[in-house]
Structures are given as C-alpha cells and as structure tokens.
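K.L.:
Below you will find the structure I want to go over with you.
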Amino acid sequence: EVGAGDQRTALAVRAAAQVALDNPAAVADLLYRLREVGAGDQRTALAVRAAAHVALDDPGGVPNLLGALREAGAQEQAEVLMERLPGAGMFQLFCE
C-alpha cells in the first residue's frame, strides 16, 4: 500500500528462507500471505521447505498446511508432506 515493493520482496525472501517450521498452521498462514502480496517465488521456496521439514506434531495445523499447499498450486510439495504423515503417526490424515 505504501509502494515499498523492494522492501516487501526482501521481507518475503527472508521469511520464506528463515521462518521456523515448528508450527504448521503459522506456515500455512505465511503461504497465504505470500500469495496475497504476489510473492510466487518465495511461496514456492517456502512450500518446498515446509513439505520436507515442517514439524508434524500438530494434528490441527498439518491439515491447514496441506490445504495451503494445494491452494498455492504446490501439489508436488503436498504429496511430499503427505508421504511423511504415516511415519509421524498421522495415518488417518494420510488416508483422507
């Protein structure tokens, strides 16, 4: 809104590369926000990181993240995340 495109991009790059992956719901929210600001490359980078490394100890947040990945068009990353679910004791979510 204030025309700070360069700063917005720099912040998006840092967020995608450095955000903690211990809260899947927060990662999902960040994916949505990156979409809102048109940060497609950063959204993709975060999707890749999240799929491989997000903590799977939040049974409520993981489905949110799966939905955010799908809405972001990151089907490959959603599949990577889904493949991790049985090993984390989330077999029911995997089946769904």
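The values are calculated or read from the model by the stated rules, or taken from the named source; none is laboratory data. Only a predicted model underlies this, so the values are computations on that prediction, with no experimental measurement involved. Cβ atoms come from the backbone with ideal geometry, glycine included; neighbour counts cover every protein chain shown. Just so you know, the surface numbers come from the protein's heavy atoms only, side chains and all, with ligands and any DNA or RNA stripped out. Shrake-Rupley method; radii C 1.70, N 1.55, O 1.52, S 1.80 Å.
K.L.:
Mind listing whichever residues of segment 1-37 are part of a loop (DSSP other than H, G, I, E, B) and either under 14 Å from the mean Cα position of the chain (by Cα) or of a type in the set (S, T, N, Q) (or both)?
P.N.:
Within segment 1-37, the first condition is being part of a loop (DSSP other than H, G, I, E, B), and the residues that meet it are 1-4, 19-23, 37.
If the condition is that a residue be part of a loop (DSSP other than H, G, I, E, B) and either under 14 Å from the mean Cα position of the chain (by Cα) or of a type in the set (S, T, N, Q) (or both), then VAL19, ALA20, LEU21, ASP22, ASN23 are the ones that fit.
K.L.:
Still on this structure: Just to be sure, is PRO63 under 17 Å from PHE94 (Cα atoms) and open to solvent by 30 Å² or more (accessible area, probe 1.4 Å)?
P.N.:
yes
K.L.:
Looking at segment 1-54, which of its residues are more than 22 Å from VAL80 (Cα to Cα) and either of a type in the set (Ser, Thr, Tyr) or in contact with a His (Cβ under 7 Å, 6 or more places away or on another chain) (or both)?
P.N.:
THR9 - this is the single residue of segment 1-54 that is more than 22 Å from VAL80 (Cα to Cα) and either of a type in the set (Ser, Thr, Tyr) or in contact with a His (Cβ under 7 Å, 6 or more places away or on another chain) (or both).
K.L.:
Return the total of residues in segment 66-81 being surrounded by 18 or more Cβ atoms within 10 Å (Cβ to Cβ) and not polar (S, T, N, Q).
P.N.:
The initial filter retains those residues of segment 66-81 that are surrounded by 18 or more Cβ atoms within 10 Å (Cβ to Cβ), namely 66, 68-69, 72, 74, 77-78, 81.
This time we only want the ones that are not polar (S, T, N, Q), so: 66, 68-69, 72, 74, 78, 81.
Residues that pass the stated criteria total 7.
K.L.:
Could you list, in sequence order, all residues of segment 22-43 that are surrounded by 16 or more Cβ atoms within 10 Å (Cβ to Cβ), modelled with pLDDT of 90 or more and of a type outside the set (D, E, K, R)?
P.N.:
ASN23, PRO24, ALA26, VAL27, ALA28, LEU30, LEU31, GLN42
K.L.:
Any residue in segment 3-12 that is closer than 14 Å to GLN77 by Cβ and either open to solvent by less than 30 Å² (accessible area, probe 1.4 Å) or touching a residue at least 60 places away in the same chain (Cβ under 8 Å) (or both)?
P.N.:
Residues of segment 3-12 that are closer than 14 Å to GLN77 by Cβ, as a first pass: none.
No.
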